[in-house]
1. Whole Å is fine, so just give me how far the alpha carbon centre of the stretch 79-119 lies from that of the stretch 274-350.
2. So what is the 222 nm mean residue ellipticity for the chain from helices alone, if each DSSP H run of at least 4 adds -39500 (n - 2.57) and you divide by all residues, rounding to the nearest 500 deg cm²/dmol?
3. At a Förster radius of 22 Å, what calculated FRET efficiency corresponds to the Cβ-Cβ distance of Gln9 and Val64, to the nearest 0.05?
4. How much length would be gained if the chain were fully extended between Gln46 and Val344, taking 0.36 nm per residue of separation minus their Cα-Cα distance, in nm to one decimal?
5. Enumerate the amide H contacts of Gly277 below 5 Å, restricted to partners 5 or more residues apart or on another chain; note that Pro and chain-start residues carry no placed amide H.
6. Limiting things to C-alpha atoms, what are the Rg and the maximum Cα-Cα separation (Dmax) for the stretch 1-46, in angstroms?
7. Any chance you could run the full-extension gain for Gln81 through Gln197? It's 0.36 nm times the residue separation minus the Cα-Cα distance, nm to one decimal.
8. Quick one: Debye curve from the C-alpha atoms of the stretch 267-345, no solvent, what's log10 I(q)/I(0) at q = 0.15, 0.23, 0.27 Å⁻¹?
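Read-outs throughout are calculated quantities, based only on the coordinates presented, and are distinct from any laboratory measurement. Bear in mind the structure is a predicted one, so any value in this text is a computation, not a measurement. Glycine also receives a Cβ, built like all others from the backbone with ideal geometry; neighbour counts cover every protein chain displayed.
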Amino acid sequence: MTLWQRFSQSVTDSWYCPSGGWTRHLKPLSRLFSFLAERRKQRLLQSSRWSPPVPVIVVGNISVGGTGKTPLVAALVREFQRRGYRPGIISRGFGAQTGEASISVTPDSDPAIVGDEPVMLARQLNVPLIVDVDRVKAAQFLCDQTDCNLIIADDGLQHYNLQRHVEVLVLDGDRLLGNRLCLPAGPLREPPERMNQVDMILVNTNNASISAKAEEVESALGRKGLYYFSLEPSASVSVTGISKRIPDITRVHGVAGIGNPERFFNTLRSLGYDVIGHPFPDHHSFVPEDICFNDDLPVIMTAKDAVKCGDFADDRHWYLPVTTCVSDSCIEQLMEMIEARKPVSYVNRT
């Protein structure tokens, strides 16, 4: 682990320390960050914002790092397709090299150009997917160039220049809001009060512990009526497609370049593996040395990481797909919101 990675880990550990950690001493900077973020928000809300002709669902968070937004987006797309909608996705594409133009993402797109999560979604879903740092431009492109009648934004809760009809806030059920402080003293992009302004909060937690965890989570957040979802692992898949079945070996290398690598390693342990964990920063740009070790043990990574490792993986490398489980009541509530808030112009796209 590099010096920068050790420092980053120290910061993250502090953010999620019950006592507030050493970063709590940065509270004056957090107050400045909150002030500037609120000013920016009000400026954008008071500006002339583009009103899309179709409903927009923004799926985002108020904390840095992964919470399970992208798998949830994939699940929502499938659910709305089942109900007759034609959804499209817009995304920033972390680290994407889009320049001035919006880019349509395909399963063969280069993750280095459009981002890892958009490529992963494109390989899983048959829907139009547009990447652009400017969410308004991405949404306009989607409406102009496709027949979609619903837009789902993967992240973008803080991109207030895009009109939205439903806001969905996603939380990590293990980390929640951490020390409840804004950057840099804590992990939050906006104050905890932002929770009270969204339409729905979805908490990512283990399916087996939802009922036991619900009371604890709702007490910690001070809010009732939350929804929960879980990411259930499927059978491991060969990154290269060469191997058909993972070796019957319990000791494996776990590789994760996501917001909370330990969650992935714990998932592998729940499947009976003895895991040698190799955590990397979220959206890490992998090189062969990152996933090759001095043994013949299987290497299991996330689906998001696998899209960046296909060119140099071999028959030792596997990824773990997940199925996102969302309750019918949650989907029905979203459907009711969308039906009630459709823009007037929507009728022209049905």
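1. 13
2. On the way: 11 runs with 115 residues, N = 350.
Calculated at 222 nm, the ellipticity per residue is -10000 deg cm²/dmol.
3. The pair Gln9/Val64 has a calculated efficiency of 0.95.
4. Full extension of this stretch gives 105.1 nm more.
5. Sorted by chain and number, the residues that satisfy this are Gly254.
6. 14.6, 45
7. Details: separation 116, 0.36 × 116 = 41.76 nm, distance 2.74 nm.
Taking 0.36 nm per residue and subtracting the Cα distance, the gain is 39.0 nm.
8. Result of the Debye calculation: -0.67, -1.15, -1.44.
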